[in-house]
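Structure, as structure tokens:
The values are calculated or read from the model by the stated rules, or taken from the named source; none is laboratory data. Note that this is a predicted model, so its numbers are computed, not measured. In this analysis, Cβ positions are derived from the backbone assuming ideal geometry, glycine residues included, and neighbour counts consider all displayed protein chains.
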Amino acid sequence: SNLTNTTFNITASNATICAGSNATLTATTTGTLPGAITWYTSQFGSGVQNYGATLTVTNVLATTTFWVGTCPGTFRVPATITVNPAPVISGTAVLANPNCSTPGSITGLSVSGGTPTLTYSWSGTSTVGPNYNNAPAGTFTLTVTDANGCIDTDGPHTLVGTSGPSVNTTGLVNTAQN
């Protein structure tokens with residue numbers, strides 16, 4: 001008999017990313033493939049996406065499943081890119097500039113979405129929530145990061161400080177005795 005029995009298997013990696021990120025899926029094979037590794041957009045039929053052991057997808061906004069198999073052939077296994085929702089900063093920043101007696105603040109923003117626990121940072125200064133109180137003069141951007149590393153930013157916002165009183169020392173004579 002001239003029949004050839006081909007035994008093979010394909011396994012595929014999944015990926016978990018933040019919305020708008022890129023993902024690379026990888027196929028691993030064992031045995032002798034009857035054709036080329038082929039990535040598809042559906043489990044059955046056509047819809048060839050790419051050839052080769054990896055598939056890179058850019059700017060993924062929603063959870064998506066691809067199928068990897070051989071061409072020719074009908075054996076396909078799924079590989080899913082799971083998209084985690086990022087936190088979303090909303091509202092309008094209300095700026096209070098610092099002065100001689102009162103520190104500044106940036107308030108009025110709120111955050112929704114993302115996977116708890118969220119962390120908040122104003123240009124490197126950690127805060128409990130999206131408000132920045134006791135703020136010095138300077139330019140600040142709020143970065144909110146969730147448990148999956150997904151982020152959103154808001155800013156930059158600039159707080160302008162008022163300097164304290166100045167003393168003109170021109171003509172000043174030091175008469176202090178030791």
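Odds and ends about this structure:
- Filtered by the rule that a residue be more than 30 Å from PRO85 (Cβ to Cβ) and surrounded by 14 or more Cβ atoms within 10 Å (Cβ to Cβ), region 36-52 gives ILE37, THR38.
- Residue in region 65-82 that is part of a loop (DSSP other than H, G, I, E, B), more than 27 Å from LEU25 (Cβ to Cβ) and of a type outside the set (Val, Ile, Thr) present: no
- Scanning region 18-35 for residues that are farther than 20 Å from VAL83 by Cβ and not in a strand (DSSP E or B) yields THR32, LEU33, PRO34, GLY35.
- Listed here are the strands (runs of 3 or more DSSP E) enclosed by region 87-178 that have at least 3 residues being at pLDDT 95 or above and crowded, with 16+ Cβ neighbours inside 10 Å: 87-96, 104-113, 119-122, 138-145, 151-159.
- Residue within region 56-75 that is at pLDDT below 90, of a type outside the set (A, V, I, L, M, F, W, C) and loosely packed, with under 15 Cβ neighbours inside 10 Å present: yes
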